[in-house]
1. Provide the FRET efficiency to the nearest 0.05 for the Ser332-Lys76 pair, computing r from the beta carbons and using R0 = 56 Å.
2. Using a Förster radius of 35 Å, what is the FRET efficiency between Gln152 and Asp321 based on their Cβ-Cβ separation? Nearest 0.05, please.
3. Quick one: if the Förster radius is 60 Å, what FRET efficiency do Ala499 and Ala36 give, using the C-beta to C-beta distance and rounding to 0.05?
4. Spelling out what I want: for every residue of the range 205-221, take phi, set θ = phi - 60°, compute 6.51 cos²θ - 1.76 cosθ + 1.60 (Karplus), and round to whole Hz; glycine and proline get x.
5. By average Cβ neighbour count within 10 Å, what is the ranking of 336-343, 400-407 from highest down?
6. What order do you get for 196-203, 80-87, 326-333, 253-260 when each peptide is scored by the mean count of other beta carbon atoms within 10 Å, highest first?
7. Which entries of Lys497/Lys558; Lys254/Lys345; Lys475/Lys550; Lys302/Lys550; Lys281/Lys550 have Cα-Cα distances beyond 27 Å here?
8. Under 5 Å between amide H atoms, partner at least 5 residues away or on a different chain: which partners does Val349 have, H built in plane at 1.01 Å?
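Taken together, the values in this text are just the output of simple stated rules run on the coordinates, not laboratory data. From a predicted model like this one, the values you see are computed outputs, not experimental measurements. With ideal geometry, Cβ positions are generated from the backbone for all residues, glycine too; neighbour counts draw on all protein chains shown.
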Amino acid sequence: MRRRPITSAVASFAALAALAGTVGSAGAGSGPTWGANVDPDLVQAVVSGTSGDGAVTHAQLRYHVLVFGSGLEGPKGITGITWRDTLDSVSGDSATVSADQIVQMSANKSVQYITGDDPVGPSGSEIAVGPSGAALATLYPQIDGAPGQWSQGAAGSGVGIAIIDTGITPRGDFGGRLVQVTLPAQDGTQSADAVGHGTAVAGIAAGASADGRFIGIAPASPIYAINVARADGVYTSDVIAGLDWVARNAHDKKIGVVNLSLSQVQPSSYLANALDTAVEKVWRQGVIVVVSSGNLGADSAKFAPGNDPYAITVGATDTNDTAAVGDDTLASFSSFGTTLDGISKPEIVAPGRQPAPADSSLARSAPAGYVTSEPTGTYIRISGTSFSAPQVAGAAALLLSQHPGLSPDQVKWILTQGERPLAGSDAGALDLTLATPLTAHPASANRGLAWASYGRAGERTAEFRAAESSSESAKQASESERAATSQDGEAANSCAKAAGLVATPKSSGQAANLWQDCSKRLDEAAISWDKAAGYWADANQPANAAADEKLAAADWMKSNSARTSGAGQAAILVDTTNVTTAPNKAAAWDKAAAWDKAAAWDKAAAWDKAAAWDITMWNRAAAWDAATLDKAAAWDKAAAWDHAAAWDAAAWG
């Protein structure tokens with residue numbers, strides 16, 4: 001969902017309040033009266049008329065929206081609204097509406113909030129570099145360590161994998177293991193995969209060609225094809241509807257893993273995102289959720305569901321078309337970085353360039369040499385994190401087939417603790433050979449994390465606003481951190497140059513200026529770190545806030561040291577330049593004393609400030625620690641209820 005700065009939201013409402021009139025067609029007369037329960041971004045889209053379908057008049061524009069509330073019978077009685085999906089996990093519905101209908105819905109007391117239903121796209125359908133000598137033989141199972149599992153009889157049997165994607169075309173690779181799912185509100189779109197993306201993903205996770213040349217990671221797993229590609233595109237609500245189906249059916253159908261090789265197009269905090277909330281509901285019911293990180297390169301880990309700290313987010317490696325792992329590198333397109341909530345993503349990487357089944361428009365549009373026709377069907381060489389994620393999904397299914405009692409948190413811990421180091425990447429590579437021994441004594445990942453809760457039943461409009469404010473605070477914290485990091489770098493450069501100058505009359509003046517510049521930049525960095533800490537506190541992210549407070553305090557202290565060094569260099573310059581007579585020498589000493597005095601004052605002020613920061617930091621840290629412990633205890637209790645909820649779901653699913 002789109003997020004907006006708090007200041008712009010206030011400005012939007014102020015401007016709209018000035019234009020507000022009677023309810024009527026958007027753009028007609030003085031304009032409609034917007035309820036306080038309408039997302040300001042959606043209001044701006046309607047007022048500007050920029051989010052419609054085709055070249056039509058403003059009044060004819062249609063908008064995809066999410067409508068939250070408990071009991072929406074009133075809004076569902078409004079003529080002309082096309083209702084899309086019922087979203088149990090976030091207590092809402094999706095719909096396609098006009099501007100007038102948004103106004104009508106907002107006036108209904110059962111509607112708590114109306115916001116945009118963001119588009120969702122696949123995170124990998126890029127045609128890769130052309131095939132090399134071995135043509136389209138699959139390398140990734142060997143690189144991932146899957147054959148060792150197969151030799152022990154583990155191939156995923158009895159552990160279903162749900163693929164929420166563009167559908168899956170039936171073919172020999174899937175045998176009788178493929179189950180086509182029809183969602184309750186599906187619009188008649190064919191269940192088969194016209195695009196080819198979902199079929200490729202499924203083949204990598206669990207395919208098995210008859211000749212054994214094209215094998216997925218879990219070749220015995222049942223596959224559930226949940227097609228969310230509709231005629232008018234794919235939206236957040238479609239993916240949530242797919243996750244809701246998994247939540248209702250996972251127990252009866254023995255679904256252990258969900259794969260989401262897709263992402264939203266707007267950055268967000270996971271705490272204020274409906275898709276992340278739906279992902280976590282499935283996770284809490286005992287189903288592992290594996291998602292792709294995206295294909296936007298560095299500093300782009302900001303999009304749901306790849307930004308969710310509970311889900312296993314997967315990046316891509318480039319294997320250089322060899323089975324040896326020593327030449328593997330992080331793929332240039334693979335998204336990585338820190339989310340708006342301060343979480344490092346992805347947690348694991350897997351080969352992102354490989355062949356996959358694709359009897360589809362994707363294969364038909366590929367250049368010559370990228371496609372091969374085999375007796376078992378057509379295969380295409382493609383790349384993207386979309387095709388890394390299903391390898392981890394298949395690996396999770398293998399672990400569950402051997403150890404069915406493992407929880408999602410334990411499986412995530414096993415896979416990420418058993419990674420193979422990858423040069424230049426914070427995340428290690430999938431390696432089942434290293435991970436499997438850890439199943440003997442598994443710990444749990446995701447400890448101490450807050451759960452997303454956007455769209456809770458009974459939530460008020462004010463609480464939706466608070467959640468979006470939290471998202472905006474996280475975004476501002478990340479921006480402040482980037483500024484602080486840049487300022488730290490500039491300061492380090494000035495300090496390094498100053499330290500390299502010899503303390504002579506010729507160089508002391510230049511060194512003094514550089515030390516002062518270093519000190520100034522460190523002060524600026526300290527302020528930016530402190531701002532970031534405040535924003536993290538507003539976003540209810542105490543660990544990030546405490547870490548940034550420490551960085552602020554450290555920069556204050558380094559700034560004081562740089563000022564002292566600058567004063568010393570200036571004193572050397574005064575003491576050794578043109579000092580030939582007693583009066584001149586006395587004057588020089590006076591100046592030096594003035595510098596010493598200034599340095600002393602600077603030092604005192606800096607230390608006072610540093611001490612204040614230290615005290616504040618420790619006080620805040622202590623408070624946050626207590627808050628974290630309280631929260632942990634509360635979540636433990638909540639977890640017990642969640643467990644009960646999972647049993648309830650199992651009973652009626």
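1. Numbers: r = 48 Å, r/R0 = 0.85.
For Ser332 and Lys76, the calculated efficiency is 0.70.
2. Numbers: r = 28 Å, r/R0 = 0.80.
Using R0 = 35 Å, I get an efficiency of 0.80.
3. Working: r = 57 Å, r/R0 = 0.95.
FRET efficiency, Ala499 to Ala36: 0.55.
4. Karplus-based 3J(HN,Hα) across the range 205-221 equals 6, 8, x, 7, 6, 4, 8, x, 7, 10, 10, x, 6, 10, x, 10, 6 Hz.
5. Details: 336-343: 22.6, 400-407: 15.9.
Ranking the peptides 336-343, 400-407 by packing returns 336-343, 400-407.
6. Working: 196-203: 31.4, 80-87: 18.6, 326-333: 16.2, 253-260: 26.4.
Final packing ranking: 196-203, 253-260, 80-87, 326-333.
7. Beyond 27 Å between Cα atoms: Lys254/Lys345; Lys281/Lys550.
8. Gly315, Gly428, Ala429, Leu430
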